1. Name the single residue, out of those in region 146-161 being more than 16 Å from the ligand (Cβ to nearest atom) and farther than 15 Å from Glu19 by Cβ, that is surrounded by the most Cβ atoms within 10 Å (Cβ to Cβ).
2. Scan region 370-388 for residues that are open to solvent by less than 30 Å² (accessible area, probe 1.4 Å) and not in a helix (DSSP H, G or I) and jot them down.
3. Given the criteria within 20 Å of the chain's Cα centre (by Cα) and either buried (at least 17 other Cβ atoms within 10 Å of the Cβ) or not in a helix (DSSP H, G or I) (or both), does Phe247 qualify?
4. Considering only residues of region 209-237 that are among the hydrophobic types (A, V, I, L, M, F, W, C) and surrounded by fewer than 23 Cβ atoms within 10 Å (Cβ to Cβ), which is nearest to Arg183 (Cα to Cα)?
5. Quick check on my filter: what residues within region 453-495 are crowded, with 21+ Cβ neighbours inside 10 Å, assigned to a loop (DSSP other than H, G, I, E, B) and within 21 Å of the chain's Cα centre (by Cα)?
6. Within region 424-474, can you find the residues that are under 30 Å from Phe324 (Cβ atoms) and aliphatic (A, V, I, L, M)?
7. Can you tell me which residues in region 29-41 are open to solvent by 10 Å² or more (accessible area, probe 1.4 Å) and either more than 16 Å from the ligand (Cβ to nearest atom) or in a loop (DSSP other than H, G, I, E, B) (or both)?
8. Please give the number of the condition Val254 fails out of (1) closer than 19 Å to Ser394 by Cβ; (2) open to solvent by 20 Å² or more (accessible area, probe 1.4 Å); (3) aliphatic (A, V, I, L, M).
Amino acid sequence: MGFSTDFFWGGATAANQYEGGVFEGGAGLSTADVMTNGAHKVPRQVTYTLPDGSWGKIPLCFHSPERHLPEGAVAALVDDKDIYYPSHIASDFYHHYKEDIRLCAEEGFKCLRISIKWSRIFPNGDDTEPNEEGLAFYEDVFKTCRSYDIEPLVTLEHYENPLSLANRFNGWDSRYLVDCFVRYATTCFERFNGLVRYYLTFNEINCIEYAPFVTAGLIHADEQNIANATFHQFLASAKTVIAAHNFWPDLSVVLAFGPVYGFSCDPADQLAALKAQDRALFYSDVQMRGYYPNYKLAEYERKGIKIPALPGDWDILAEGICDFLSFSLYGSQVLTTNAEELEVGSGNGGAEGMVANPYLKTNAWGWATDPDCQRITLNTLFNRYQCPLWCVESGIGWKDELVGDTVHDDYRIDYMRANIQSMKDAVEQDGIPLMGYLYWGCVDMVSNGEGEMAKRYGQIYVDADNYGQGTMKRLVKDSYRWYQKVIASNGEDLD
Ligand code: BG6
């Protein structure tokens, strides 16, 4: 009654944080490529230029009150000694993929999640022909995975969009992107037919509300722009699912999820927690049920927000529901409605009204480890959608210390052990159909929120600092050996 024999154990990565090689192979720039580095509580910035040749930077990335580039500005690279863009080198997977995939295979991986940089295939997002060098690169990556019996899980859009589409159309605000995306996805289905069985359309689709530039390439993001972009991504996802079924793959969107607890048994706290959870579940409600839930329609009506649907769109949403539901999960959140308890901004997600959980330990970035979050999440999602589930991201960032040629990362092992035990309980005791577990950032890479290397997630260490300086040598950590044992025992040996 444990994990199924074909359970996908493995790890997850994303091009914008891992791949590098931004100026190689004919790739075009993406929105991630104009995001500077940051640090804990030092926001990443988007650089831009103005028609008069001047430039500036603005914290448009996460949880920022800034939602607009200055009038007439375009997001662009600038050449200045104080500006550093971490995606350009990242962990240099572009040149190390054979070595990394071999190390993952030796760890026992059954699956490796990789994202395709859309602008490596279509440099401007809507070019007439795809870039052959980009297709050939990913084809070889997937062939290398297959040569080790590793199933590639491919995210089509992970926190980056072609920069040109962002600047010309305000990203996903425009319906034009729907067909561009479907064309890009179909190009991948055709080219990688027989190599890639599972795709994910949009990473953490629900994070658009606090990261509209990062998720949807919005350089102007008021609530109506966000609602437009959301609808267009739903439509693109549904059309992509329909298109995929003419080929081989099964698809899902990725939901960023974490249980939300009310701080006290004050009913107001419980209601706030329920509503916060609905805020995330709206996205999976549409993608798994095929229509907008009443609570969202009521909210839009209250705010005067219009859904930019055209005749026929609702049928497409209903037809193109996902084949399974994948989610990322790092921990849980606690909400209070009591002003005296308030400590806004700590922990994962930084939602309004959030307080620290006195029962849980946190890492240096305030992210709490919740030993029950997997079981609670799996029950919540399965009871709501009755579909196969897949945890495609879960991990812990730490300031790892290299000792000799390894890292003694007991904290990471503890985190993983708690997560895997919690999943196991859900599978064994609650009968949840779980397809797999992918540890986030299996090879060290640049953190998304901070744009720094110092927040490491990997089981494989990469010798590079916050500025991409280092040998890029790969070294295995204690957690690598521990996970190897877990996978070999199909999750039975967690000691
Ligand atoms: C997820 C993202 O939200 O969290 C990843 O999908 C990201 O891209 C991960 O790296 C961890 O967040 P961070 O900010 O610590 O890198």
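The values are calculated or read from the model by the stated rules, or taken from the named source; none is laboratory data. Since the structure is predicted, the reported quantities are computational estimates derived from the model, not experimental observations. All Cβ positions, glycine included, derive from the backbone under ideal geometry; neighbour counts span all protein chains shown. Areas reflect the complete protein model, heavy atoms only, side chains present, ligands, DNA and RNA absent. Shrake-Rupley method; radii C 1.70, N 1.55, O 1.52, S 1.80 Å.
1. This residue is Ile150.
2. Asp370, Cys387
3. It is false that Phe247 is within 20 Å of the chain's Cα centre (by Cα) and either buried (at least 17 other Cβ atoms within 10 Å of the Cβ) or not in a helix (DSSP H, G or I) (or both).
4. Phe231
5. Answer for region 453-495, where residues must be crowded, with 21+ Cβ neighbours inside 10 Å, assigned to a loop (DSSP other than H, G, I, E, B) and within 21 Å of the chain's Cα centre (by Cα): Met453, Lys455, Tyr457, Gly458, Gln459.
6. Ala426, Val427, Ile432, Leu434, Met435, Leu438, Val443, Met445, Val446, Ile460
7. The answer is Leu29, Asn37, Gly38, His40, Lys41.
8. (2)
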